[in-house]
1. Scan segment 11-44 for residues that are hydroxyl-bearing (Ser, Thr, Tyr) and in a loop (DSSP other than H, G, I, E, B) and jot them down.
2. List the residue pairs whose Cβ atoms are under 6 Å apart, where the first residue sits in segment 15-27 and is within 20 Å of Asp42 (Cα to Cα), the second is modelled with pLDDT under 85 and buried (at least 17 other Cβ atoms within 10 Å of the Cβ), and the two are 6 or more positions apart or on different chains.
3. Any residue in segment 73-81 that is under 13 Å from the mean Cα position of the chain (by Cα) and modelled with pLDDT of 80 or more?
4. So which residues in segment 14-38 are within 27 Å of Pro68 (Cβ to Cβ) and of a type in the set (Lys, Arg), if there are any at all?
5. Could you tell me whether any residue of segment 133-154 is assigned to a loop (DSSP other than H, G, I, E, B), in contact with a Leu (Cβ under 6 Å, 6 or more places away or on another chain) and at pLDDT below 80?
Amino acid sequence: MGAPRDNELVTAQLVGNDAWLIAGYRSAARLLRAAGRTVDADSVEAARALYAAESSARLGATRHPDVPPSWQGIGRTGATSPRACRAARCPDPPRMAALAERLWRAAGGPGLGFYGEPDSLHAYLFADLATWAMLTGRRDAAERMLDSLLAWRSAAAESPSCSPARRATGA
């Protein structure tokens with residue numbers, strides 16, 4: 001369950017949590033295989049495949065056009081959606097593309113954007129979208145987002161997780 005003060009602003013079962021679990025299964029299987037524990041790795045991989053199939057079926061059963069913030073369909077898209085889907089290698093690439101398009105549309109195109117209210121920019125959410133865009137052949141979108149991250153970095157070359165949007169709007 002997500003806490004009501006998480007980015008999704010809801011107490012619900014977050015889709016991103018399931019995606020992180022799928023990614024964790026994959027990592028555990030790789031570590032077990034590297035340690036020579038093939039039987040255990042195969043068991044974890046079988047559990048991952050089953051959980052991924054069940055999650056994919058649940059995602060397909062939602063009425064949400066992309067990746068919902070929670071299985072209940074409530075909340076706002078949080079930072080875990082693109083990152084978790086990328087980590088889990090989302091089984092439904094069209095939904096991830098639809099999520100990116102929805103977030104980019106709200107922000108005026110690929111670049112540093114926001115979710116929820118447009119009063120603040122969220123670097124980590126759009127850094128994850130930039131990585132996803134790069135991995136899926138959307139090079140121009142990835143470069144626009146990465147250029148935005150560079151433009152918004154601090155003197156210490158850090159990108160804040162949340163910044164006032166005044167600079168982006170010229171206000």
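The values are calculated or read from the model by the stated rules, or taken from the named source; none is laboratory data. Since the structure is predicted, the reported quantities are computational estimates derived from the model, not experimental observations. Cβ coordinates were reconstructed from backbone atoms using ideal geometry, including for glycine residues, and neighbour counts include every protein chain displayed.
1. Once the filter is applied, which keeps residues that are hydroxyl-bearing (Ser, Thr, Tyr) and in a loop (DSSP other than H, G, I, E, B), segment 11-44 yields only Thr11.
2. These pairs meet every condition: Ala19/Ala84; Ala19/Cys85; Ala19/Ala88; Trp20/Ala84; Ile22/Ala88; Ala23/Ala87; Ala23/Ala88.
3. no
4. The answer is Arg26, and nothing else.
5. yes
Yes/no matrix, rows are residues, columns are (1) modelled with pLDDT of 80 or more; (2) under 28 Å from Ala142 (Cα atoms); (3) assigned to a helix (DSSP H, G or I):
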residue	(1), (2), (3)
Leu59	yes, yes, yes
Asp66	yes, yes, no
Pro94	yes, yes, yes
Ala97	yes, yes, yes
Gly111	no, yes, no
